[in-house]
Every structure is written in structure tokens, then in C-alpha cells.
Amino acid sequence: MKKIFFTFALLLSGLCSSTLSAQSAEEIVQKHIEAKGGAEAWKKVKATHMKMTASMMNMELPISIWIEAPDKMRNVVSFQGKEIITVVNGNEGWMVNPMMGNTKAEPMPESALKDIKDQADLAGPLMDYKAKGHSIEYLGADDMDGTEVYKIKLTEKEGDMTTFFIDKDSYMLLKMTSKKMVNGQETENSIEFSDYRKVDGLSFAFSTTSGMAGQNFESKITELKVNPSIDSKLFSKPE
Amino acid sequence: MNVKLLSILGIAGMGCILSLNAQSFKSSSFSSINARQIGPAVMSGRITAIEGTEEDPNVLYVGAAAGGIWKSITGGTLFKPVFDKHNQSIGALAIDQKRPDTIWAGTGESNMRNSVSVGDGIYRSTDAGENWVKCGLEKSEHISKILIHPNDPSILYVAVPGALWSDSEDRGLYQSTDFGKSWNKILYGNPRTGCADVLMDPRNPDVLYASLWEFRRTPWSFSSGGEGSGLFKSTDGGKNWQKIQKGFLPGTLGRICLALAPTEPDHIYAIAEGKETYLYSSTNGGAEWVKESASPNVTARPFYFSLLVVDPTDAKRIYRPAFSLSISDDGGKSFYDASMQGGWVHPDHHALWINPKNNQHMYLGTDGGAYVSFDRGINWLFLNNLPLSQFYHATYDLQKPYHIYGGLQDNGSWSGPSESDGGIENKDWANLYGGDGFWVQPDLKNPEIVYCEYQGGHMVKVNTRTKEVQDLQPQAGPGEPKLRFNWNTPLLTSPTRPEVLYCGAQYVYRSTNQGSVWEKISPDLTTNDPEKQKQEESGGLSVDNSSAENHCTVFTIAESPLDKDLIWAGTDDGNLQITTNGGKSWTNVSPKIPGLPPAYCVSSVEPSPHKRERIYVTFDGHGLGDIQAWVFQSEDLGNTWTRLSGGDLKGFAHKVKEDPINAKLLFVGTEFGLYMSIDGGKNWAMHKANVPPVPVRDIAIHPVTHDLILATHGRGIIIHDDLTPFRALNETVFQAPVAFLPSREAVVDPSPLGGGFPAAGGFVGANPDNSAQIWYVLKDRIQTGVVIIEISDLNGNFIQSIPGTKRKGINMISWNMRRKAPRVAYGAKADVSGIFGPLVAPGTYKVKLITPTSVLEKDLVLKAPEGKGHSAEDLKAQQDMVQRIYDFQESLAFLSFQIKGLQDSLKRGLSTMKAGSGLHTKGLAYQSKLQELHNLLSAGKETTAITGEEKIREKASALYLGITGYAGRPTQSQCSKMEALDKEKAEAQAKFETLWEKELKTFSNQWNKAKLPELKKRDKGDFDRKS
């Protein structure tokens, strides 16, 4: 009897202490990478192809994205029977936006290019962050809209900052906020991740949402292939 | 035994769950909503600190008296708040100029006026203001200066004047040598004496100068000066201190502010408050002093103006920010003021930062906001983008949209709209009256009349049309004692009879004729303690009687909305008086309140709109050194009382409010934010949804829009739109996995606001979200799967689906009341009509909330716009026409889809064939015939030029936008245009059908036999599948 109560008390106190114990940034990042599939498995991911549906302003737009690590990406949005194409290939990038009648590929400004290139880091910037020249800092635990999270701040070599909100229970990434200089302006972004599903043993957020106060923009993955074969022409300047 | 054990554990477990559940309404429960900060910034608020970075002077930080920290990286053209999670009263800022990402912020302003807020310690950011960590000094309450050691950033000096209203040992000069982990008090006087200022010799950081200041406020007096005050010097980094006296400052001293010439650090200036206040200068590090100017702006209000700045390149050029900005070019012997020909600058200056690389460029902080100068402080440009206004009270009128009225610290009385074309801009706010503003009361029966006041009960009736202002202040009659009006004198109208006005001195007055006649309806309701009425002696060394210390006055008056003869009056000296017979007799019930210390100011009285006997009261004891929240409720007219506390509630309370619809929904505004309770005051959650922890001085609830209106003392007016969803909150709602909440009915209005050019610069407050809102509560965050909101009409026809949010607690999704946009024909450029779906008709709709585990359904009612003069027939005619043009666009898109489908197959087939064959030649010919046909449908020139090319699609698009943008009957021209388009489309359609039937059908058989990409006339099913 006494023992049971003791165990019960221990259980309760255990619950408390686990929420109180401080962890280092390094530990949290390790557990996060483990939770999403492990460093080794992620390092084998060289490319992805995703088909998505983005809901915005009462429209559902089909999007197709090809990514090849570390710095190639092609993004095609279909709209009114036309295709808005963005291609990034290393230090070059182009955009074709026929919506204004322009069918020629326009070169992309450098800061916008970088922003897109960051997305080609398939395993995420936290993976091998040191080797990439980034630094991380633990900002403490927080209550993110009612969910307990750890906050990790990543500062890139160039000074751009991203804060990761990592679920205390699952160690999955729930939200990312960033502040970057794009086209000479400080731009703030906030993206939430959910609906994690496993593809080839790796966890992907099949739903990403952004927006504030009632305006919710969601992208849903409808199809995802890991390490597909991609025609290298897809990453050349669109004709 | 096992069963017994299990049951014990079960019960214990249950208890655990229940106790957790009791707090399911938390701050984080409503993180998905955003209150609206609407300013104004046309008059900003008191600025207490400005620091720029030397490396890039466009990067600067502005600290406000009670509005947080604002950062600009553009020299002031754009500011963003960076401290909204923390205490909003800023006393001092310091940037480590060698590592400008490190910033220190001391909370608690040190301009020690009566209305000053209270800080909670020192904070540090190491990422340029992005994140802040509290680094101790929690009990300091007020911090006036922070110095960073130039060679070792882990060494800091912090001047802490400390508590204003009570003894405290948490004051003096503090030093940290470990980057703020721990602090040593290195200079201290006594529990009444703090450190006002500190200087460091930049050549030798071990040389420090610091001034100690003895001071104290009570609610009825202020005292500056005493034996503790003095000027000290250390030459060993603060280990040992010498009092500086030689040739300097005879007699008792008050506040001393200090400045050092960066080019000649032995050249020191000090304004020392004494029996006579002077500016002194020393050219030898404080060994000897010379008396300099005592001009009025130099000696002005030393407790409030404690700043002196020396030019970074010229040791003899000194700036004295006080009532105005005075400048000396001769080392303080004489001063002059700039003429302000470039525009008025708000008086009362507290912060000045000079760009050390360009001393023409400077920023000034005043009681009315921040300014920038490019000519050494002669002309100034107002930065009209800082919404830091400091309201004391706020109320509303019943216009559409309603206007908000309120008085501002040092910035008069104002009114502004709750929404406006393009957002609420500076130009939308109207100044009503001057001085310090407090209560402002519109005459609800006569929209031209507004009652305003300035400090000390100087109340007036303003006619906003004729611009006439009539003095209304009650006057003492023959033989009557002098009237005592509070700094912030109550002036309000009756909730039962809008024509009845109340105001208070030591008596309560009532008027039924716009203040022409005041009837005294009470005896002196205060303690009338003569010891608390010596304001003419107040101030200490510098007498300062601005009515801010007026005491033994009535501070708050409230008539019951359920009984005009039931009136409550609270005094600043602790009496809570009630009359149940319209003022014939009064009873003080505050002695009946258990646990309440005596003499706390009755800051608000709120008679319940639900039950005559119920009353809520807040008491403010901060003037006696107690910053707790004291909130009470009585159900029996004040005979017995319950204290409301628990949860997050903290800070001295200014206002309590019971919701007029749901009596369990309560609000309290304290010095540290807004708090809400959904259970009648047992538990309190802090409202953090775009409401910073700012002093909330007043709370109003609009009876028509159900908006919660906050008068904040540092962040202007904040509106939390529509309390309807919150009125439905209770524990049961939080226990269900998913639950809907109601919201106010939306209006389907294609043109809710007019046009107009956007403001040229300046702050713009957000308009309310006028879309249909769908509110729901999730018990847990949804991690797997999606949330979808599906809208259909009552017959089940699908209209729209919107992705939902997945947060734990309250979620809100806006539906713009539009259907899906019509599909549009293929064309060279984007078609706007394919982006904006038409508004649905007013009426009832079904909303389905689909989560991975459940489907909930409810009705959603959309109202027709009122007052626009459209008959039901007109509205119907518009809706019919919308449907017609919508169907038109869709069918044109279908035709385009069919043609493009054939073209696509031909194109793909032709590219694989050799030229010259019969099939190839024919294929080419049909390709161009089809293109000719499609050219009838839409503009096809692929160029960025503005071609003006108009085909059916372009014409239909213009008609679509015209018809969908106006709720009334379409014009004759629009109707005949529709006819013409129908005809044009029918012709194109016929041409296509003929081409297919007569030629292409046969050709497709030959083509398809050759195993080429199938040539086929696609049907409606293909169209729906593919687009």
C-alpha cells in the first residue's frame, strides 16, 4: 500500500520534473532529428518531388515542386490554365509569370534566390548546422497556443534568424518563424506544420499553414516521392 | 485489495485531471485571435529613452513610458514593437555599441510623475531585440540609466531610483560583472534614496560619477530632496566613493542630473535641484564647480526633467530637454530655444539621442512622441507612426461606425472612428480639447455636444459644430469650503438617462441640463483629512502643485443601469459610498470589506447590469506601496463581499467590467494588462492576443457591435471585436473535443467602405474583420490530418471549403462570404474575375466543421446590408444577374477548354511527325483554324504591354466586376451588355460545333488511327475533372 502511493507520488513528481528540466539546444535538436527519421536516413535524401494543393483566397492551386539537394528547385503553380514557374539552380534563378503577359524567364534578385535556396536544404537547416556555419540557441520552453514547446533559435552565417518551435512530447517541428532581409526589406514569416506522415521512414509534414487572425493559408501534400529520378533539364532556365 | 487500490488511484487520478481542467481557459486559449490596436499616433505618448546604434544610425530603439520598445531599422520611417511580451514601462535603454545586437532595457520609467508606471527589472537581448531575457533587479520598480563597460561587456552599471511610493532597499547604484547574472549594490543611501544618474569616463571606465536622490510620493504629496541626496565619485570602478561637495551645492539637495562631454571627459555638467536650482560645470572631473545658468527651462521640474546632453564633438554645446529644448553654445552660461519655424514640437522632453558620427542628426523623445532633426535640433520632424497614446478613459457613441472618445495624458481629449476607409489613420482622429485629457463624454442625444475636461476638474461643454467651448466646472457657493477636484475628475452621463450628467469634487454633483445647473447631491464623501490637503506645500525642494496631488476627492461615480436612484461613489482616500435614494442619504461601506487595507483609492465601481444588488469594485493601493490587484464583488449592495482573485490576475487594478449579456464574463484592467474570467471571477486569464501587458485604465463594451474597447495608458485604444464567442465560453465547451462558438451576424456587402487615397505615411490602425467568422474550440491541438470548413446552402449545394486552424483552444476562421471564383477562359493575361468569386446572397447557410475524428454542423446567418436603399427586388435582380454572368464565364471557360484540348493533342502529335505528310498538313491547318476560333474568346497577345485587346472574356470580366461590386439593381447598359455577350458567345460556340461536326470529327478518326495523342471533343465531365 505504502509502496504504491510512493510510486504514484514518484510518478507525479516525475511528470513535474520532466517539464522543468532544462535541456540544451544541442540535445533538443538531436532528439528532433531522431524523431523525424534520424540523421543517417535524412542524409540519404538527395531529392524530392511533391505535388501539393494550396488553398488561398478561395482558390485551390495545384503546385508541383522538384527539389535536388543542396541548391536546386523547380516550382510550378498552375493558374487559369497557365503555369507560373520558379527555377533555382545554384546561384542562378528565374521566374516565369505569364499572368501579366510575360512568357520570358526573368532573373531572380539575389536575396529572393537565397530565400528559395534555403528550402532546397531538404533535411532542414538544423541538420549539421555547425558545418553549415549556423549557430543555435535554446530560448526556453514556451506555451505555443496551448501546446508545450521548446524554442530553438538558429542564426545563419549571414545573420538571418529562424526560431523553431519543437513539440515537447513528440519533438516534431510545429512552427517556424523567421526574419529575413528580402529585396531590402525585413520580412517576417510564420509557418505551422502538422499532419506528419512517414514516407520511406522519414516524417514529412503533409500540411503547412500560415496566416493570421482568421486568414488561413494551407498547403497540403497530395503526393510525395523521395529520391525520384529528375530530368536535369527541369532545373535549367525555363524556355 | 487490488480493486481498492485501483479505485484509490483512480480517484486520485481523477482529482488530478479535474484540477488541470479547472484551468482550461488560459491565456493561450485565445492565441488565434488578434485585438486591434487603432492608435492614435497623431499624438503619440511619452517617450522615455531613445538609443541609436553608432555603426548604423538608422537602427534605433525607442522606449516608451508605458508602451514598450519600438525598433526601427530605417531611421524612423518604420517602427515595429519588439517588447510586447514584457513590462511596457521603459526607464532606460543601452546598446553595447561594439556588439550592437546586445541591448539592455531597464523597466520602470523614472520621470517620477503621479501617473508613472512600475517596472519589473532589467532585460537583455543578444539578438537585436528579437528575444529578451529578464536579468534580475525584479524589485527595482524604476530604472533611470544603464551603462556598459566599453572594454568588458559583462560589466554593467544600473542606476535604480527605486520605489516611488514606499520605502525600499532595492535601490541605489548596482553593478554586475557577469553579464547580468548577479548584481551588487555599490552605492546606496537609505530606504528613501535611490540612484538618479550615473556617468562613466570613457577614457578610464573605473572613474564613475553618480547622484543619489531622496524622494517620495504619497497620493497627496510629493517630496524631492533630503539628506540622502548627493553627488559621488569613484575612481576604482565603484569600490570606494567620495562625496563631491567642494565649492558646490550648499544645503539639502534634490534630484541631480549629469552629463559629460565625450570630447573632454573631465568636463562635467550637473543640474542640481536645491533651494535654488542651478546648472553647474566642472572642467576637472568634479574637483571644482562653477555655477552656470538658472534659466527657467534649466531649472524646470527636476523630478520630471532629468536630462542634459553634451554634443559629441563640442564640449560647450549642451542640450537641455525639459519643457522645451534649450541649447547652450557657451558651456551652459546662456541658453536659447529654437524658433520651431519648421513646425510645433510637443513640450516636455525626456530623451535625446545624437548621432555621434553626424551631430546634425538627432532624435528627441517628448510627452507627445518622437521627433527627428537634421539641423542640430533647430527643426524637427514628427514621427507619426508610434501609437503610444496614453488614455485615462474611453467611451463610445452610437454612430455607425461608432466613435471612441477619450482623454490622453498631456495630449488632450480626442475622438476617432472604430473603422474607416483604408484603415484608421491619423487624419481620422479629431482633437476636442486640450490639457491633460481624462473623461470625455459624448451627449448621446445631441451628437454635436461633447463634454471634456483637463486636470483638476476643469470641465467644459464643446460644440463640435460651432467650436464653442463653455466652462462647466461647479463652483463653491458662498460660505462653502474650497472644492477639491481630482487630477482625473469623474465626469459621466447616466446609463438610464443620457441627458443626466454627473461629476465629483468632494461632493457628487448632478445636472439635468448639460451642466448649466449642478445640483449637489451628497455631503463631503471623503475623509476630509486636513493632513492630506497641503498640496500648496507639495514638491519638496521645488514646489510643484499641478493638481496631480489633489486628494480627499471623489474619484469614481456610477449609477446603476437598473435603478436611477442607486448611485455609488468612490473616493481616492478609501471611502466607498452608496445611496439608494438618489443622493438623499449616503453610507460608506468600505469598512465592511474584509481584508481591505484602509485608504486605498476606489479606482472603479461597476454596478451589475444583471442584478440591482450586485456591485464590483476595484481598489488601487499602489500610492501606498501595494501593487496587488484588489477586486471585490458584493451581491447585497455592499453588506458582504468576496474578493476576486486567482489565475493570472496581477497588478493594481483600474477597472472592472461585467459583460452585459453573460454575467459570468468579467474583465479587469490593471497596470499590467487585461484579464478575463469566464466563471464570474474565480479564475483569471491574461488577454495576450495583441494586447501587450500595458496599463488598461478603462474598459467599455459597445452595446450594438459587442466590441470590447480598452483605454490603454501607452498603446492607445485597443478593440477586441465582438464578444459573442466569448459569451459562450464555459468549462463544458473546453471539455468537448470540438465545439462551435457563436459570433455576430455578418453582413453581405460588396462595398462596405468607400474608396479614397491611402494615408501618406503614419500609423494606420486595422479595421474590423467584416467577414463571416466561424469560431470553434478544440480540446487538443490536431496533429494528424486536416481541419476543413465546408459551406453549403440549405439544399446542401456545396459553396466553399476553407482550411481550418488546428490550435488547442479557440480557433477562428474568416469566410469572405464569396463562392468559388468562376472558371475563366484561357487567355494571355490573368483574368481578375477568376480570382474573386461573387458574394453569396444574404440568408442562412450550413457550416460543416470537419476534423479527422468528427463532423459538426451549424447554421450561419448572413444579413443584407441596411440603409443602402436597395429593395428586395433590386437585391434579387442583382443576384440573378450575378448568377447569369457567373454561368457565362463558366461556359466560356468550357468552350475554351474544349478548343485548347484539341489544340494540345494536335500540338503534341505534330511535334512527333515529319512535315509534308497529308495528316501533318491537315493537322497544321486545323491547329490554326482552332486558334482563330479561340482568338474570338479571349485576348491572346502574349506581351507585358497594355494592349487594350478586348475579346469576349475581357468584356465579360469587366461586366462581372461591375455587377458583383454593387448590391443594387444592375443598370440597363449592363443588362444589354449581357445580351450582346450571350450573342457573341453563341456565335463562337456555333462556329466551333460546325467545325467539329463538319470537319474535325472525321479528321479525328484518321488521326486517332495513327496512334497519335487522342483527338477528342472533351465533355463537361472532363472539364470538371481537369479544372
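Derivation of every value follows stated rules applied to the coordinates shown; laboratory data play no part. None of these values were measured; they are calculated from a predicted model. All Cβ positions, even for glycine, are placed from backbone atoms using ideal geometry, and neighbour counts span all protein chains on display.
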Legend entry - Cα principal axis extents for region B:619-734, largest first, Å: 39, 35, 26
Legend entry - Signed unit charges on C-beta, dipole axis of the protein assembly as shown, positive-most listed residue B:N545, B:P737, B:F619: B:P737
Legend entry - Shape metrics for region B:493-536, restricted to C-alpha atoms - Rg then Dmax, Å: 13.4, 39
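Over chain B, what is the mean sequence separation of C-alpha contacts under 8 Å (at least six apart), divided by residue count, expressed as relative contact order in percent? The partial results should precede the final answer.
Working: 2695 pairs, mean separation 83.9, N = 1027.
So the answer I get is 8 percent.
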Inset, instruction - In Å and from the alpha-carbon atoms only, list the Rg and Dmax of region B:455-700. - result: 18.1, 54
Inset, instruction - Could you size up the charge dipole of chain B around its Cα centre, putting +1 on the beta carbon of Lys and Arg and -1 on that of Asp and Glu, and report it in debye to the nearest 20? - result: 3980 debye
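Pick out, in residue order, every one of the GluC sites (Glu not before Pro) in region B:362-450 that is DSSP loop and has at most 14 other C-beta atoms within 10 Å; say none if there are none.
Working: sites: B:E419, B:E425, B:E448; in loops: B:E419, B:E448.
The qualifying sites are B:E448.
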Legend entry - From phi via Karplus (6.51, -1.76, 1.60), per-residue ³J(HN,Hα) for region B:567-576 in Hz, x at Gly/Pro: 10, 10, 9, x, 10, 6, 10, x, 8, 10
Legend entry - Given charges at Cβ of Lys, Arg, Asp, Glu: region B:924-1000 dipole, positive-most of B:F992, B:G948, B:G962: B:G962
Legend entry - Charge tally in the Cβ shell below 13 Å around B:I38, where Lys, Arg are +1 and Asp, Glu are -1, B:I38 excluded: -3
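Which helices count as membrane-span-like in chain B under these terms: full DSSP H, at least 20 Å along the axis by C-alpha, Kyte-Doolittle mean of -0.5 or more? Intermediate values should be presented prior to the final figure.
Numbers: long enough: B:2-21 (28 Å, 1.46); B:872-912 (60 Å, -0.41); B:918-937 (29 Å, -0.36); B:972-995 (35 Å, -1.00).
Counting only whole DSSP H runs, the qualifying helices are B:2-21, B:872-912, B:918-937.
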Legend entry - Around B:A925: net Lys/Arg minus Asp/Glu count, Cβ-Cβ under 15 Å: +2
Inset, instruction - Quick one: dipole size for region A:79-180, taken about the Cα centre, charges +1 on Lys/Arg Cβ and -1 on Asp/Glu Cβ, in debye to the nearest 20. - result: 260 debye
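Between B:S585 and B:N358, what is 0.36 nm times their sequence separation minus the Cα-Cα distance? Round to one decimal in nm. Before the final figure, lay out the partial values.
Values: separation 227, 0.36 × 227 = 81.72 nm, distance 6.82 nm.
Extra length from B:S585 to B:N358 when fully extended: 74.9 nm.
Go ahead and run the numbers for FRET between A:M56 and B:L562, Cβ-Cβ distance against an R0 of 45 Å, rounding to 0.05. It would help to have the intermediate numbers written out before the result.
Values: r = 50 Å, r/R0 = 1.10.
With R0 = 45 Å, the Cβ-Cβ based efficiency is 0.35.
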Inset, instruction - Find the centroid of the Cα atoms in region B:939-996 and in region B:580-596, then give the distance between the two in whole Å. - result: 75 Å
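Want the number for B:H610 to B:T844: 0.36 nm per residue separation, take away the alpha-carbon distance, what's left?
81.1 nm
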Inset, instruction - With only Lys, Arg, Asp and Glu charged, each at its Cβ (+1 for the first two, -1 for the last two), find how big the charge dipole of region A:133-239 is about the Cα centre; round to the nearest 20 debye. - result: 340 debye
Inset, instruction - Determine the principal axes of the Cα atoms in region B:872-1026, then give the extent along each, sorted from largest to smallest and rounded to whole angstroms. - result: 63, 36, 25
Legend entry - Long-range HN-HN contacts of A:V182 with modeled amide H, under 5 Å: A:T187
Legend entry - Signed unit charges on C-beta, dipole axis of chain A, positive-most listed residue A:F235, A:H49, A:M95: A:H49
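Provide the FRET efficiency to the nearest 0.05 for the A:N227-A:N189 pair, computing r from the beta carbons and using R0 = 30 Å.
Working: r = 28 Å, r/R0 = 0.93.
FRET efficiency, A:N227 to A:N189: 0.60.
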Inset, instruction - Return, for the Cα atoms of region B:414-500, the radius of gyration and Dmax in Å, separated by a comma. - result: 15.1, 57
Legend entry - Surface/4 estimate of mean projected area, convex hull on alpha-carbon atoms of region A:31-235, nm²: 12.2 nm²
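Determine one quarter of the surface area of the Cα convex hull of region B:528-580, which equals its mean projected area, and express it in nm² to one decimal.
Details: hull surface 17.6 nm².
Orientation-averaged projected area of the Cα hull: 4.4 nm².
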Inset, instruction - Starting from the Cα of B:K246, step 7 Å along the direction of its Cβ; do the same at A:E92; then give the gap between the two resulting points in nm. - result: 7.7 nm
Legend entry - Residue exposure sequence - B:K461, B:K243 - by fewest surrounding Cβ within 10 Å: B:K243, B:K461
Inset, instruction - Quick one: give the max-minus-min coordinate of the C-alpha atoms of chain B along each principal axis, largest first, in Å. - result: 115, 87, 72
Inset, instruction - Could you work out the Kirkwood radius for region B:49-196, taking every pair of different alpha carbons, averaging 1/r and inverting it, reported in Å? - result: 15.1 Å
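Within 11 Å, Cβ to Cβ, of B:H403, how many net charges do the neighbouring residues add up to if Lys/Arg are +1 and Asp/Glu are -1? Walk me through the numbers before you get to the answer.
Details: positive: B:K400; negative: B:D397, B:E419, B:D428.
Combined, the nearby Lys, Arg, Asp and Glu give -2.
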Inset, instruction - Quickly work out the B:T466-to-B:Q735 label distance, labels modelled 7 Å from Cα along the C-beta direction, and quote it in nm with one decimal. - result: 6.3 nm
Legend entry - Residues whose placed amide H lies under 5 Å from that of B:Q533, excluding near-sequence neighbours: none
Legend entry - Phi to ³J(HN,Hα) by Karplus 6.51 cos²θ - 1.76 cosθ + 1.60 over region A:222-227, Hz, x for Gly, Pro: 9, 7, 9, 10, 9, 6
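Suppose R0 equals 30 Å. What FRET efficiency, 1/(1 + (r/R0)^6) with r the Cβ-Cβ distance, do B:K482 and B:N513 give to the nearest 0.05? Don't skip to the end; give the middle numbers.
Details: r = 25 Å, r/R0 = 0.84.
The value I calculate is 0.75.
Where in chain A are the helices, taken as whole DSSP H runs, whose Cα atoms extend 18 angstrom or more along the long axis and whose Kyte-Doolittle mean reaches at least 1.0? Let's see the in-between values first.
Details: long enough: A:2-20 (27 Å, 1.27).
Flagged H segments are A:2-20.
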Legend entry - In nm, spacing of pseudo-spin labels at B:E54 and B:K445 (7 Å Cα→C-beta vector): 6.7 nm
Inset, instruction - With the convex hull built on the Cα atoms of the protein assembly as shown, state its orientation-averaged projected area in nm². - result: 57.8 nm²
